[in-house]
1. Contact list please: Cβ distance under 8 Å, first residue in segment 24-43 and open to solvent by less than 60 Å² (accessible area, probe 1.4 Å), second residue basic (Lys, Arg) and modelled with pLDDT of 95 or more, pairs at least six apart or on different chains.
2. Is there any pair with a first residue in segment 280-301 that is touching a residue at least 12 places away in the same chain (Cβ under 8 Å) and a second that is open to solvent by less than 40 Å² (accessible area, probe 1.4 Å) and acidic (Asp, Glu) whose Cβ atoms are under 7 Å apart and which are 6 or more apart or on different chains, and what are they?
3. Taking only segment 33-79 into account, find how many residues are in a helix (DSSP H, G or I), touching a helix residue (DSSP H, G or I) at 6+ places or on another chain (Cβ under 7 Å), at pLDDT below 95 and not small (Gly, Ala, Ser).
4. Looking at (1) in a loop (DSSP other than H, G, I, E, B); (2) more than 30 Å from Leu363 (Cβ to Cβ); (3) among the polar types (S, T, N, Q), which one does Thr187 not meet, given that it meets all the others?
5. Hey, Cys378 hits all of (1) at pLDDT below 95; (2) surrounded by 17 or more Cβ atoms within 10 Å (Cβ to Cβ) but one; which does it fall short on?
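The values are calculated or read from the model by the stated rules, or taken from the named source; none is laboratory data. Here the structure is a predicted model, which is why all the values come from computation and not from measurement. Neighbour counts run over all protein chains shown; Cβ positions are idealised from the backbone, glycine included. Areas reflect the complete protein model, heavy atoms only, side chains present, ligands, DNA and RNA absent. Shrake-Rupley method; radii C 1.70, N 1.55, O 1.52, S 1.80 Å.
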Amino acid sequence: MTTEGRGMGQKGTDPVIYLDYNATAPVRPEALAATTAALAAVGNASSVHAAGRDAAYAVDQARERVAALLGCSPSELIFTSGATEANNLAIRSAATPGRSLVVSAVEHPAVGEAAAAVADSVGSKVYTIGVHRDGTLRVPELEEALATSPTLVSVMAANNETGVLADLDLVVRLAHEAGALVHSDATQLVGRLPIDLRELRLDLLSLSGHKFGAPQGVGALFVRRGTVPAIRPLAYGGGHERGRRPGTLNVPGIAGLGAAADAARRDLEQEAARIRTLRDRFEAEVMTALPGTRRNGHPDQRLPGVTSLTFDGLPADALLAAMPHLAASEGSACSSGALEPSHVLLAMGLSRDEADSTIRFSLGHATSADDIDRAVQCVTDAAHRVRSALHPNITTTAPAHPGGQEGTRRHDA
C-alpha cells in the first residue's frame, strides 16, 4: 500500500510504502463506511427506544460477522477495546489460587506481563516455555510444565515479530489431557488465515480488529460456552456484555469490526496466497541483493505476510532512518524507546547485536506488487548507504534510489 506521507504523519508529500501491518492495518473501505454510518447515528445500544434498538442491531450484526470469521457462536464473544484487554480478561478469569499459569517465551507483553501480575495476586507461579531457533515451541518443556497441573496455558497463534505459527492443535490436546484450559492471543492470525473454533477446541481467544482492517480500539474475547469459569470483569459498574465487560459499547468501532471481519472472510484464502507470493518475492530479492541477510523464523510455518530479516552488521535503527518513507518496524511497538532488544529474537537464540540489526516487514490486504518493487529498491539502497557510512573505506555500489522510504519503531498491540 502506498499512501501520502503527510497522511501518515510524515513531513512532505512523498508516497509512503506501508509494510507494517503487524503494527496496524489500513482501515478497509467497508469498515470505514460502517464506522462512519454508526458515528452519524445516535443511540446507546442499551437503550430501549428506537435509536437504541438500531444501535443494538448494529452490535448484533457485527457479533454475527465476527463469529462467522472465527467459526463460533455469536453468544461466545465479548467485545473489548482490543486484544490487550481481552488477554488480561482471559488470564484473570482463568487463574486459580495455587495452580500455575503456562505461557511461551515469545508472548506479547499483554500476555506475559498479565500472567506475571495475576499469578502474583493469587499466589501461583508462571512457567515459561522456550522456543527453538526457528521460533516453534519446545514441546518437551510444555509437557514438563503441564505436569504441574496448571490452570491455564496461553500460547499465541502467530508471533507478532516473526509470524511463526504455533501448533495449537497439539497445545490444546496436551493441555486438555492435563486438565488445563487453553487461551491464545490470536491477534496476528485472525483475518489473515482461516480459523474454525468448531474444530480448534480453544477455550479462550483474543483478537484486535485493527490488525485486519477495522478501526483501532476495538476487539473481542472468545469464551467457549460451558468450559470456562465465570468471567471476572476487569472493571465494575454496569451490566453490559451480560455483565462481563461493563461500559457503554463502542458501537461505531464494533460496526467497523464486523464489516472488516466480513470483508476478510470473503476472500481469506485467495488473499493469503497473493500476499505470500509478494512476501516471498520481497525476501528473495532483498536477500540476493544483500548477501549475509538472514531470515528469522520457520520458513513455512508462519503468516503469509510477515518476514523478519537480520541485516549483517547494519543497525536496524540506522537502516530505518535511511529509508524514512518505508513503514517497517524493529519489533514490538509497545516497547518503543526501550534499550533492550526484542525478547522474541533473544528467545530464539539471536545475539543482542543480531536482534538490534533486525527489521520486521509485514504485508497486508492493500499491499501491491508495485509496493514490493519499490520497497526492495529502497531497502537495498538504504543498506548500501548505511554500510558506506559505517565503513567508509569499503566501496559499494548502490542501486538507483526510487524515492525515500519510511521506517517506524515498534508498535503491535
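1. So the pair list comes out as Thr24/Lys211; Ala25/Lys211.
2. Arg295/Glu283
3. The number of residues fulfilling the criteria is 2.
4. (2)
5. All conditions pass for Cys378, except number (1).
Listed here are the residues, each with its yes/no results for (1) at pLDDT 95 or above; (2) within 25 Å of the chain's Cα centre (by Cα); (3) not hydrophobic (A, V, I, L, M, F, W, C).
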{"residue": "Glu241", "(1), (2), (3)": "no, yes, yes"}
{"residue": "Asn250", "(1), (2), (3)": "no, yes, yes"}
{"residue": "Ile254", "(1), (2), (3)": "yes, yes, no"}
{"residue": "Val286", "(1), (2), (3)": "yes, yes, no"}
{"residue": "Ala289", "(1), (2), (3)": "yes, no, no"}
{"residue": "Asn296", "(1), (2), (3)": "yes, yes, yes"}
{"residue": "Leu303", "(1), (2), (3)": "yes, yes, no"}
{"residue": "Val306", "(1), (2), (3)": "yes, yes, no"}
{"residue": "Leu309", "(1), (2), (3)": "yes, yes, no"}
